[in-house]
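For reference, the structure is listed below as structure tokens.
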Amino acid sequence: MKALPKLVVVIAAIAWFTAIVFGGGALLRYSATGGRSSPTPAAWPVTSKLPRDARTTMVMFAHPFCACTQASLAELDRLLTKTRGTATVVFLEPLNVDESWRDSRLIERARGMQGVTVVFDDAGHEASLFGAETSGHVVVYDAGGALRYSGGITQARGHEGWSAGQESLASILGGSASDSSKSPIYGCALTGSQEPEFADKGK
């Protein structure tokens, strides 16, 4: 009977270690799994009311409380600083929300970024026109309104650093890429529940 407590401890330790391994693996898989998106129009939607640049127009669609999008905004800031470009960040605004919806750290961050214009998207209308379903989705159209890029600019959910999407965007904005490209989008869902998977409700 004296050995029983030791056996219980060993079993509990094994169970704990197994939970940590499988839980960590599930989190890593989720972090590296891109979000959903519908087909992005090959030409700029004629019914869109978003501002267009005379040369290249870049738009990011974002959820104001998605913690994953902190990394997307950080990478957008680096990209705009490097290329001296401009972008419109379109924040989802569902129906029947109060003024606090426009008061988040992400919105404050975007407003403070050089070259960024912040726009609010009533009921996700603009996002639906461009096929955006995941926060952090970036689209780029050229002067003629042709799609050049559609996708994300981070390497995983909430992770800053080099990504294939950012490299493609830098080439497109620098004029050295001739074809359009796309990359996975890592972020919270724009549609469905108003509360994203990893909500950042702080200020």
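Accessible area per residue for region 43-148 in Å², computed with a 1.4 Å probe and the full protein assembly in place, what is it?
Details: 4610 Å² over 106 residues.
In whole numbers, region 43-148 has 44 Å² accessible per residue.
Can you tell me the order of 131-138, 50-57 when each peptide is scored by its average per-residue count of other Cβ atoms within 10 angstrom, highest first?
Details: 131-138: 26.5, 50-57: 14.1.
My ranking of the peptides, most packed first, is 131-138, 50-57.
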Compare the peptides 143-150, 92-99 by average per-residue count of other Cβ atoms within 10 angstrom and give them in order, highest first. 143-150, 92-99
How many Å³ per residue does the convex hull of the Cα positions in region 94-186 occupy? 123
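How big is region 64-104 by the Kirkwood estimate over distinct Cα pairs, in Å? Don't skip to the answer; put the middle values down first.
Numbers: mean 1/r = 0.0838 Å⁻¹.
Kirkwood radius, region 64-104: 11.9 Å.
Need one word for region 61-144: rounded, prolate or oblate. Basis is the Cα gyration tensor (sqrt eigenvalues a ≥ b ≥ c); a/c below 1.5 gives rounded, then a/b vs b/c decides.
On the way: a/c = 1.90, a/b = 1.28, b/c = 1.48.
Oblate shape, in that a/c is at least 1.5 and b/c is the bigger or equal ratio.
The values are calculated or read from the model by the stated rules, or taken from the named source; none is laboratory data. Predicted, not measured: the structure shown is a model, and the values here were computed from it. Neighbour counts run over all protein chains shown; Cβ positions are idealised from the backbone, glycine included. When the accessible area is computed, the model is the full protein with side chains, heavy atoms only, and any ligands, DNA or RNA have been set aside. Shrake-Rupley method; radii C 1.70, N 1.55, O 1.52, S 1.80 Å.
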